[in-house]
Amino acid sequence: MTPRVTFAVVARVLAQLRRDPRTVAMLIVLPTVLISLMWWMFIDSPHTFDRIGGPLLAVFPAIIMFIVTSVATLRERSTGTLSRLFTMPMGKLDFLLGYALAFALIAVVQALVVVSIALYFLDLNIQGAAWQLGVVAVLDGVLGTALGLFASAFAATEFQAVQMMPAVMIPQILLCGLLIPRDQLPSALHAISDILPLSYAVDAVIGVAQGNGFTSGVGTDALIVLAFILAALTLGAATLKRRTA
Amino acid sequence: MVKNAVSCRDVVVVRGDREVLQGLDFDLHAGTVTGLLGPSGCGKTTLIRAIVGLQARVTGDVSVLGLPAGAPKLRGRIGYLTQEPSVYADLTVTENLRFFAAVLGVGSSDVERVIEAVDLGSHADVRVDRLSGGQRSRASLAAALLGSPELLVLDEPTVGLDPVLRRDLWDLFHRLADDGATLLVSSHVMDEASRCDRLLLMRDGDILADETPRALLSSVGAGDIEQAFLTLIDRKAGAR
């Protein structure tokens, strides 16, 4: 890994995003629109919104980041730029980390917007501090990014990459504690949910909502999410092939 | 004594159950321009990808600048032009080249040099997706020239270019070779053969001839390279 190369990728991905305002708007505005929709649906039962609003702050950014980044490396494969980069001193981890850091910046803006709107316009009630919710929401956006990059290293074509969303993300959404608390799942499914990254992303948000600070529970969940992020990027780098048939 | 920039010994590439390259043996002499000619589908691109270290399932020995093809130490010493322009369509020519220069760790003065070399100075700040096909492929070629690599492997660099520009690029290739670089330039247009120092004629994953253009014409007794190519195929068919 070479920092010079990693940051060259970060700068380039951000320059490309600047040219693509529609994608940036989708990344930043869409989670807010979706959570506002949920608020409206439950306008007559604010307690329900308070219960699911937090987990949705983890789930929506993760899904949206996943979809956008899952085609990222495929685009580079189909245009041949990945081939060119692999004949240069470009580490596979430089490549994925560059994308991850660029999208992490987007995740910061995304979290700032969606958390502010949820707390101050939609009156989402949480016991913990706003900044804690912000930090956890950023981590969850980066988790979606890292899983998307991992999926895109796995897929051979963009067509295969888009199929990864239902395969990788929907089971996690079902089991993450959004629909029913994880401890009420059948024991086998509970065990499965214990190894899925989104479960910890949602646990962290629920922890913040219940007022458990980073020192009591939320910190552990956040660290587990971070570990999943690093694992996804490392495995993605290992999966990405320089030599192809 | 002439050093070899690339040496291939018994190079085989299998895709599915088909041998795409059937045991190739040849050397590329340092400081020369070698034309890799043959019809589309004959294995030119596969051979090129084997040399730059991107082809999977290569057997035999591919040695590049004294190292096995694909060795990490070769990264940055080879300029590779893919057949499709491999530049970012949503960035300008200069932005593209600055990025690749940063990856290679070469200065921005090199960016200006390569833009001039491919004659894109007037379009340096235009987004690549607003360029014509020929301009796009020149932007891609400029990226391959960054850092003055010792070996340039160019997959069809002159497709779709007007004759004046083609001549200018071939002049550029020879200037680079005079400065010590080794070039392998693929083409499916036989009339580019006369511009090369040496020729590799390929067909069906095999090398039909590995000679200078003049030696090829006189040994086969043909008037032009296309005729020589046909004669060689006929001879091979007769020998079977």
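Numbers at a glance
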item: Subset of the range A:50-90 (residues that are of a type in the set (Lys, Arg) and either in contact with a Cys (Cβ under 9 Å, 6 or more places away or on another chain) or modelled with pLDDT under 95 (or both)); result: A:Arg51, A:Arg75, A:Arg77
item: Pair list, Cβ < 9 Å and 6+ apart or interchain, from the range A:156-169 residues that are outside any helix (DSSP H, G or I) to residues that are not polar (S, T, N, Q); result: A:Ala156/A:Leu74; A:Ala156/A:Arg77; A:Thr157/A:Leu74; A:Thr157/A:Arg77
item: Residue in the range A:109-125 that is among the small types (Gly, Ala, Ser) and within 14 Å of another protein chain (Cβ to nearest Cβ) present; result: no
item: Residue in the range A:160-171 that is modelled with pLDDT under 95, closer than 28 Å to A:Asp94 by Cβ and more than 19 Å from the chain's Cα centre (by Cα) present; result: yes
item: Single residue of A:Ser83, A:Ser45, A:Ser78 found to be of a type in the set (Gly, Ala, Ser) and either within 20 Å of the chain's Cα centre (by Cα) or away from chain B (no Cβ under 14 Å) (or both); result: A:Ser45
item: Any hit, the range B:153-161, residues being in a helix (DSSP H, G or I), away from chain A (no Cβ under 14 Å) and over 21 Å from A:Val13 (Cα atoms); result: no
item: Single unsatisfied condition, B:Gly23 versus (1) crowded, with 17+ Cβ neighbours inside 10 Å; (2) in a strand (DSSP E or B); result: (1)
item: Scan of the range B:48-101 for residues that are hydrophobic (A, V, I, L, M, F, W, C), in a helix (DSSP H, G or I) and surrounded by fewer than 24 Cβ atoms within 10 Å (Cβ to Cβ), ordered by number; result: B:Ile48, B:Leu74, B:Ala101
item: Answer from A:Gly211, A:Gly236, A:Gly207 - the residue that is assigned to a loop (DSSP other than H, G, I, E, B), in contact (Cβ under 8 Å) with a residue 12 or more places away in the chain and not basic (Lys, Arg); result: A:Gly211
item: Every residue from the range A:67-94 that is without any contact (Cβ under 8 Å) to a residue 60 or more places away in the chain, among the aliphatic types (A, V, I, L, M) and part of a helix (DSSP H, G or I); result: A:Leu82, A:Leu85
item: A:Thr87, sole failed condition from (1) touching a strand residue (DSSP E or B) at 6+ places or on another chain (Cβ under 6 Å); (2) within 22 Å of A:Ala231 (Cβ to Cβ); result: (2)
item: Close pairs (7 angstrom Cβ cut-off, 6 or more residues apart or separate chains): basic (Lys, Arg) in the range A:170-195, surrounded by fewer than 18 Cβ atoms within 10 Å (Cβ to Cβ) anywhere; result: A:Arg182/A:His190
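The values are calculated or read from the model by the stated rules, or taken from the named source; none is laboratory data. What you see is a predicted model, and the numbers here were worked out from it, not measured in a lab. In this analysis, Cβ positions are derived from the backbone assuming ideal geometry, glycine residues included, and neighbour counts consider all displayed protein chains.
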